[in-house]
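Beneath this line is the structure, given in structure tokens, with notes to follow.
The values are calculated or read from the model by the stated rules, or taken from the named source; none is laboratory data. Owing to the predicted nature of the structure, the values given are computational and were not obtained by experimental measurement. Counting neighbours? That spans all protein chains shown, and the Cβs are built from the backbone with ideal geometry, glycine included.
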Amino acid sequence: MSGASYSKLTGRLLYMPALVYLAAFGVFPLLLSIYYSSPSSGLSSYVALFEFPQLPIVIRNTLIFSFGTAGFATLLGLLLAVFADSLPRGSRLASILVYLPFTVPFTASALIWTTIYDPIYGPANYFASMMGLPRLNWLGQPSLQIYSTTIVSIWSSVPLAFLLILAGLRSVPKSVREASRMDGMGLGDYYTNIAIPLSKGSILTAFLLTLILAFGNFDLPYILNSGYSYSMATLPFLVWFEIFYQNLISQGLAAGVLLTALVSVFSYLLIRTTLGNPTRPGRVRVARAKSLRGSHNTLSKALMPATYTVSVLSLAFLVFPIYWMLLIAFRPGALNFVFPPLIYPKVFNPATFIATLRQSEPYVITTLAVSIVVMGFTIIVAAPAAFSVARQNKRWLLLMCIYLYGLPSTSYVFGVYTIIYHIHLLNTWAGLMLTFPLFTVPFAVWTLTNFYSTLPKHYEEASLIDGYTPLKSFYRVVMPLARPGLFATALLSFIFSWHLLLFPLVLSETPYQYNFPPTGSFTVTNFATLFDPQSLGSTVTANVWGQVGSAGIILAIPVMLIAILAQDYLLRGLYPGGSRE
Amino acid sequence: MSVAIQRLNKSFGNNRVLSDVDLNIEKGELFSIVGPSGSGKTTLLRIVAGLETQDSGHVSIDGRIVDGVPPNRRNVGMVFQNYALYPNRTVAENIASPLLVKGVRRGEALADVEEIAKRLDIEEVLDRLPGQISGGQQQRVALARALIKKPVVFLLDEPLSNLDAQLRFSARKFVRQLQRDLGITTIYVTHDQSEALSISDRIAVMNRGRVMQVGSPRELYESPENEFVASFIGSPPLNLLDVRSGVPFKLPVSFNGGCAKVGIRPEAILLGEGENRAEVTLVEYSGSEAVVYIRAGEVELRALSFGRSVVRVGETVDFRVQESGVYLFDERGQLLKAHG
């Protein structure tokens, strides 16, 4: 259906809600941040920022953290995707294991890793000593801190890269793979010559997306950096630290603008990769056939053994922290204080978990309420907008959404805080409900656009011929057909808002109060940060590790359930076109 | 004998796709496997190729049992329905792929590629990517890739179904001529019975995982062994009448109580002569011939009318049934007695 079949008004009705919302809570705060970064005194805040002696360290840290995360996550994701794709059976189990870390919010990951990194009793040193390394102070030694932080970030990012690349490998037609078998190619030949080159687009997307998200990652460096030291700070941390802790607002905003600019470059590349035409038809190769490229070389011989080795190690790396979380949540605190650490279950004691669960109640209520409202709002606003992008070629709206999605939360946080402050919604559910969709709506428009593009148009056309008005056709015909995509997007929106840390941190001061109307708006992520073992210290009596493990489970369980029960829906909805022919 | 298939069985879950299939394919012949979708023909081909494994039974190629041998060591070449060319490699690289994998030196491989490309008339496109050439060219690239390693058996899975009608006609002739010239044993899977009739030395007709009949195109058309083959082969299809309660017109053959159904080829119904009368209900004109639907009593028949005689809908025509072209079937659909 072309744009012609919709009246101008109907077309606008479809995308206007999303546009208005994103303008008010995305573009406007962004501009506000840029505007206030250079107050009346001109560019003095930028001068101050660039003269700030710690800036080079922070930038260096940001680059190590981002490129380290994206590079290793993509590499491990690629090898694991090849591994899962090459398994005749059991690829489903492999997928579930790989994306376990994806179910744990950054906040909880960081806290669990804090216990793993514990300099005296942590398993990290135990595994290091098995490899002959000396005992390390992972989060305490300045030269090591950023690398320890990056490892946690890699752990969290591998699942996303894996899912994107696996979808790419899966989209190679089955017959092409069979043809390669007929030709005598082994798996190594097939992947190096055919499948990986054909998945270049999704590999690049995985790299750029993990890179962009790592640039903007506030949660991990914030929690792991409990001493607020510059030696392990990255730009998003610096932005928050300057604005909300040091009260150096314009200098913090200047750092935010610097980060925004940096991310914009990679967002541009991402947009070009995902929207560019991958086949580039009409490009005729000039090289004569003399340049037959090899089919069987060292790389193709080494690929599969390397894949299997790395995949088995990576699976252990990905699964262990989850296992550790369960272990420490359900054992008496005394068992934590031994070295080498006990890494198998010995005594089952749910007392700490139950106590923590009771404590978490107000936070869980707040987060559930906010996340459900955000989920509904996101679908209502994003679904018609995505449809308008897919069917009426409103590409600019999609570009805007991808761009806004890629920007770090620190790019908006000052503007959003200012708005919420002025409309007196700090510390309320409403404040969170109004601002969380800033992350879910752009994402939902992006994925739903992909989904609608794969939906055949003839149903809508038939409904228009039958006499439906375009709006009626959208609500009665298109929406029901798009149910799998809407369902997946709704669940992911829920997961996203469940995971958010920076906004509730900045927009709230108190937990939920039992009165009406409800006040206080700390969420489960804020709750989890209460148990930071680095600031609380490890004592036998408090069983802080048990609380960390328990809080981690409370944060992860809804997401884990959704991700495992609705796995097929999520994959189908998220990566349409990823199915085999 | 080039390919021998013995008592082959295959199920996917509870779904039995091949039941006790026995086939012998002679050296150098073009052997077609034809049947409706779901008849198991593609699965059979894929088992011969080594892409699927049978539950029981044996496949031997060139006298050697190949059960469990991987596809690339069976000495077979295969063309896939959608060609399955590697989209990221040039035409030359696609064709050379089986040689390069075996470790043939690039220079030699290139010489072979150029030779076969000349033969298949695709030298001009060797440097292009598969996405940049026409469907007909893609099909020939797929043929070249399957043939370059000089296989003992050539397997074709619906190779013409992705071509448009005009091209399919010339490609059919091309494939047949190429196969003759090379003298290569070929198994050709298709759902199109007219394609199978026109191209094959011999044909196996399959239905629901069983081989219904094996024979030359002429044998299948003229002496079908059962109701299924009689109605599957031939276009327009055979008239099939339940005769247990009698026939409202005169047939040139007599039948007794063991006969349940009578099949009459449309061209065996001659219009404008004979002792039966019927009303014309529909005429499908197609140039050289016309399919005329007539109603005699309660029975509607398809007749084939050649030449220029014009009948109109609503007219009454005389007709008679020629004995050659009438088949009698028993309750189980087996042939009772062919004509003459």
Residues satisfying the stated conditions in segment A:11-23, i.e. touching a helix residue (DSSP H, G or I) at 6+ places or on another chain (Cβ under 8 Å) and either at pLDDT 90 or above or surrounded by fewer than 16 Cβ atoms within 10 Å (Cβ to Cβ) (or both): A:Tyr15, A:Pro17, A:Ala18, A:Leu19, A:Tyr21, A:Leu22
Test: B:Leu282 is in the same structural domain as B:Ser56 (by TED's automatic domain parsing) and within 30 Å of B:Val311 (Cβ to Cβ): no
Residue match in segment A:75-88 (condition: among the charged types (D, E, K, R), farther than 30 Å from A:Val172 by Cβ and surrounded by 20 or more Cβ atoms within 10 Å (Cβ to Cβ)): no
Subset of segment B:294-325 (residues that are more than 17 Å from B:Leu238 (Cβ to Cβ) and either among the β-branched types (Val, Ile, Thr) or surrounded by 12 or more Cβ atoms within 10 Å (Cβ to Cβ) (or both)): B:Arg295, B:Gly297, B:Val310, B:Val311, B:Val313, B:Glu315, B:Thr316, B:Val317, B:Asp318, B:Arg320
Segment A:173-190 - residue that is in contact (Cβ under 8 Å) with a residue 40 or more places away in the chain and more than 7 Å from every other protein chain (Cβ to nearest Cβ) and, of those, surrounded by the fewest Cβ atoms within 10 Å (Cβ to Cβ): A:Lys174
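At least 2 residues that are within 30 Å of B:Gly131 (Cβ to Cβ), more than 14 Å from every other protein chain (Cβ to nearest Cβ) and modelled with pLDDT of 85 or more in each: list the helices (runs of 4 or more DSSP H) lying fully within segment A:204-302 that qualify.
In segment A:204-302, the matching helices (runs of 4 or more DSSP H) lie at A:249-275.
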From the options A:Asn125, A:Asn193, residue that is within 13 Å of chain B (Cβ to nearest Cβ) and over 20 Å from the mean Cα position of the chain (by Cα): A:Asn193
Residues satisfying the stated conditions in segment A:447-459, i.e. of a type in the set (Val, Ile, Thr) and part of a helix (DSSP H, G or I): A:Thr447, A:Thr449
Only listed residue being acidic (Asp, Glu), outside any strand (DSSP E or B) and more than 9 Å from chain A (Cβ to nearest Cβ), chosen from B:Glu93, B:Glu52: B:Glu52
B:Leu143 being away from every other protein chain (no Cβ under 11 Å), in contact (Cβ under 8 Å) with a residue 12 or more places away in the chain and within 22 Å of the chain's Cα centre (by Cα): yes
Pairs, first aromatic (Phe, Trp, Tyr) in segment A:255-274, second part of a helix (DSSP H, G or I), C-beta under 6 Å, six or more apart: A:Phe266/A:Leu208; A:Phe266/A:Leu211; A:Phe266/A:Ile212
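Can you name the residue in segment B:56-80 that is in a loop (DSSP other than H, G, I, E, B) and buried (at least 17 other Cβ atoms within 10 Å of the Cβ) and, of all such residues, is nearest to the other protein chains (Cβ to nearest Cβ)?
The residue in question is B:Phe80.
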Candidate set from segment B:96-114 (those that are more than 9 Å from chain A (Cβ to nearest Cβ), among the charged types (D, E, K, R) and not in a loop (DSSP other than H, G, I, E, B)); member that is surrounded by the fewest Cβ atoms within 10 Å (Cβ to Cβ): B:Glu108
Pairs with Cβ under 9 Å, 6+ apart, first in segment B:16-35 and free of Cβ contacts under 8 Å to residues at least 60 places away in the same chain, second buried (at least 21 other Cβ atoms within 10 Å of the Cβ): B:Asn24/B:Val3; B:Asn24/B:Ile5
